[in-house]
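This report refers to the structure that appears directly beneath it.
The values are calculated or read from the model by the stated rules, or taken from the named source; none is laboratory data. None of these values were measured; they are calculated from a predicted model. Note that we place each Cβ from the backbone using ideal geometry, even for glycine, and neighbour counts take in every protein chain shown.
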Amino acid sequence: MATDQRPLSPHLQIYRPQLTSVLSITHRISGVVLSAGLVVMVGWLLALAAGPEAYAAFNGVLASVPGIILMVAWTLALFYHLLNGIRHLLWDAGWLLDLRGAYASGWVVVVASLILTLALWGGVL
């Protein structure tokens, strides 16, 4: 039996990234970011329970530039994951399943996530 040297399935290098595939991968990444942020939130609660000194030290870390960047990224991941989850619920209901609807709802999720993050942090920073 002769064997072909071709791959059995197309590789990612063959496909051009599409909005739907990028948003799917980003949804999974945002879930991981939310999990890591939850660990930070638990640390914050433990510092709160440990007393004023531990709480002040933890808040000092969160108020630093890297801490603020991480919190803004966590907030963006939260809004993105939430809105993309709502998008998936709409798909489960049979809405926006056509190509145009999938792309339109994808861009709405991206833009709305950015707007909500900027709106939240615009008043804080």
Checking Ala77, Ala57, Ala73 in turn, the sole residue that is assigned to a helix (DSSP H, G or I) and farther than 16 Å from Leu116 by Cα turns out to be Ala57
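Hey, does the range 42-58 have a residue that's of a type in the set (D, E, K, R) and touching a residue at least 12 places away in the same chain (Cβ under 8 Å)?
First, the residues of the range 42-58 that are of a type in the set (D, E, K, R): 53.
Of the ones still in play, those that are also touching a residue at least 12 places away in the same chain (Cβ under 8 Å) are none.
No.
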From the list Gly60, Gly123, which residue is over 26 Å from Val22 (Cα atoms), at pLDDT below 95 and of a type outside the set (A, V, I, L, M, F, W, C)? Gly123
Residue, farthest from Ile68 (Cα to Cα), within the range 102-125, restricted to residues that are of a type in the set (Gly, Ala, Ser) and either touching a residue at least 40 places away in the same chain (Cβ under 8 Å) or out of contact with any Leu (no Cβ under 9 Å at 6 or more places or on another chain) (or both): Ala102
